[in-house]
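The values are calculated or read from the model by the stated rules, or taken from the named source; none is laboratory data. As the structure is a computational prediction, the values presented were derived from the model and not from experiment. Note: ideal-geometry Cβ built from the backbone for every residue, glycine included; neighbour counts use all protein chains shown. The accessibility values were calculated without ligands, DNA or RNA, using every heavy atom of the protein model including side chains. Shrake-Rupley method; radii C 1.70, N 1.55, O 1.52, S 1.80 Å.
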Amino acid sequence: MRATLLYQAGDVRVEDVADPKIQQPTDAVIRIVLGCVCGSDLWPYKSQPLTDSPRRMGHEFIGVVEETGAEVKDFKPGDLVMVPFTYSDGTCENCRRGLTTSCLHGGPWGVGGADGGQGEAARIPFADGTLVKLPVGEDSALLPDLLTLSDVLCTGYHAARTARVKAGDSVTVIGDGAVGLSAVISAKLLGAERVILMGRHTKRTDLGREFGATDVVSGRGQDGVAAVRELTGGFGTERVLECVGLKDALVQAAGVVRDGGTISRVGAPQYPEVPFGFPEFLRNITLTGGVAPSRAYIEELMPHILGGEIHPGRVFDRTVSLNDVAEGYRLMNDREALKVLVRP
């Protein structure tokens, strides 16, 4: 089969690799029908040193079951399935608590011998614990919306959930990427009355307004903090959802959160130390967040998509074939695209 490999920063190739096969009785093999490029894929795309063992890329995908192991009970060939961005057994202590990204036997796609989602097919370990059956056909117009459940929508939702957004709250979302826009959707789903989106790209912030943002602030740093404070009578917002992953974004989050408020950070952190010292301690700010256990949220969020209440697939603004996936990376890295669909 063909699959996307990353050899070094900026060097993405689509090459022939071994076809996936059932290795354990709990495995399934799927034919991938839709994938995408994630903002977190850009971090290794920008930084990975040259390697003789290229990394399989992609962790957000939908596929059709082709084959199942002898112990797979919940799926059969022909089922259209959603694949969360990590695989998990669904039975360990952490999975039972809903923390599937901490599965004792699971892991991420593309490393440790696991296939990636930017390819023609993939082996799915622990199929019964990992996969979610989709109640639509392979040709459904809802597939891009449903694909966001693999990662990006669930990550935005995790930010809102861990920040404990509730009806009537004021919320600031930092970042106008796909996760930030998903956080806007999620804050509105949980009842936020006011959602301030901090971003500088007009096409993205316009979409954020359509998703439910009540205000947009384009300023960064102290200018941005001052603008949010002015909008909120000097207090800041009760909840802040940090969806970037840079230290400056977290510092900005501390600047716009109300005393006694909560910051949830879900942007993959590109810094080793959290800039929270004595001043933040004195303000009783809660810092939470982390990696989203998307498998635990998929069935909760899916009805909002199937019922037409939300349309998160609008974050996809470009589509490429698998053979052109390197161009998809370039488009996102150069900010010519918000999020790129990949069709094998």
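If R0 is 22 Å, the Cβ-Cβ spacing of R96 and E71 corresponds to a FRET efficiency of close to 0.70. Net charge in the neighbourhood of T214 (other residues with Cβ under 9 Å of its Cβ; Lys, Arg +1, Asp, Glu -1) is 0. For the range 57-129, the orientation-averaged shadow of the C-alpha convex hull comes to 4.7 nm² (one quarter of the hull surface).
Which of rounded, prolate, oblate describes the range 96-149, given a ≥ b ≥ c as roots of the alpha-carbon gyration tensor eigenvalues and a/c under 1.5 marking rounded, otherwise prolate only if a/b is larger than b/c? Judged from the Cα gyration tensor, the range 96-149 comes out oblate (a/c at least 1.5, b/c at or above a/b).
Rounded to the nearest 500, the helix-only mean residue ellipticity at 222 nm of the chain stands at -8000 deg cm²/dmol, with each DSSP H run of n ≥ 4 adding -39,500 (n - 2.57). The relative contact order of the chain comes to 18 percent, based on Cα pairs under 8 Å that sit 6 or more residues apart.
Looking at the square roots a ≥ b ≥ c of the eigenvalues of the Cα gyration tensor of the range 19-69, which shape do they give, rounded for a/c under 1.5, prolate if a/b is larger than b/c, or oblate? Oblate shape, in that a/c is at least 1.5 and b/c is the bigger or equal ratio. Compute the distance from the alpha-carbon center of the range 217-238 to that of the range 1-34, in whole Å. Taking the Cα centre of the range 1-34 as reference, the centre of the range 217-238 is 45 Å away.
The alpha carbon convex hull volume per residue for the chain rounds to 129 Å³. Is the range 1-158 rounded, prolate or oblate when judged by the Cα gyration tensor, a ≥ b ≥ c being the square roots of its eigenvalues, rounded requiring a/c under 1.5 and prolate requiring a/b larger than b/c? Here the range 1-158 falls in the rounded category.
Computed with every protein chain present, the accessible area of F85 is close to 30 Å² [probe 1.4 Å].
Less than 17 Å apart at the alpha-carbon level, and either on another chain or at least 8 residues along: which lysines does that give for K76? Within the straight-line cut-off, K76 pairs with K21, K133.
Heavy-atom accessible surface of T51, to the nearest 10 Å², is about 40 Å², with a 1.4 Å probe and all protein chains retained.
One chain, two ends: A226 and R13. Fully extended at 0.36 nm per residue, the span grows by 72.2 nm beyond their Cα-Cα distance.
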